[in-house]
Amino acid sequence: MTRISTDESNALATNRGNFLLRDILSKRYPKIFVGEFEQRTLLAYLARDRSRQEELLRQVSVDAAAAKLASYVEDNAGAEYPLDIGEDFSQEQRTELVLYLADLYLTDFDSTHCTQLPSETFEMLMASARKK
């Protein structure tokens, strides 16, 4: 998903893309988004600029989250959304996966709504979608 990161208000916290991503992730991974805490964590992460997001990602074990997701996909070949991953996860593990998924799914595009996305952006998104 591509989020326009510069809009008229220049406020990342209220960007509509945040709420779209929240809805997508909570529907695809309902056992991760079990409560208000995970939703607030996601929206707080999305309200940060990219450098502050990267700083936060360095503080948590996103590699472990990526490994858990990869293991789940491998063990449940052919599974369709919504995925059941996360039912037995601790709060910390769910938080790590929330941040990992947000980083995995979201790409920021620094522009306004009136600017067309370059074709390279679509090509990158399609290549990414084929990997998932």
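Pick out the one residue from Val62, Val73 that is under 13 Å from the mean Cα position of the chain (by Cα), surrounded by 11 or more Cβ atoms within 10 Å (Cβ to Cβ) and more than 21 Å from Asn15 (Cα to Cα).
Only one candidate passes the filter, namely Val62.
When Tyr72 is tested against the conditions (1) among the hydroxyl-bearing types (Ser, Thr, Tyr); (2) modelled with pLDDT of 95 or more; (3) within 14 Å of Leu106 (Cα to Cα), the lone failure is (3). For the range 22-62, the set of residues classified as in contact (Cβ under 8 Å) with a residue 40 or more places away in the chain and among the β-branched types (Val, Ile, Thr) consists of Ile24, Ile32, Val34, Thr41, Val62, listed by residue number.
Filtering the range 14-23 to residues that are over 22 Å from Ser90 (Cα atoms) and part of a helix (DSSP H, G or I) leaves Thr14, Arg16, Gly17, Asn18, Phe19, Leu20, Leu21. Going by the structure shown, is Ser51 at pLDDT below 90, exposed (fewer than 12 other Cβ atoms within 10 Å of the Cβ) and either of a type in the set (S, T, N, Q) or closer than 16 Å to Tyr100 by Cα (or both)? Answer is yes for this residue. In the range 24-80, counting only helices (runs of 4 or more DSSP H) that sit wholly within it, the ones holding 3 or more residues that are small (Gly, Ala, Ser) and in contact with a helix residue (DSSP H, G or I) (Cβ under 8 Å, 6 or more places away or on another chain) span 62-75.
The values are calculated or read from the model by the stated rules, or taken from the named source; none is laboratory data. Since this is a predicted model, take the numbers as computed values, not measurements. Using ideal geometry, Cβ is built from the backbone for each residue, glycine included, and neighbour counts are taken over all protein chains shown.
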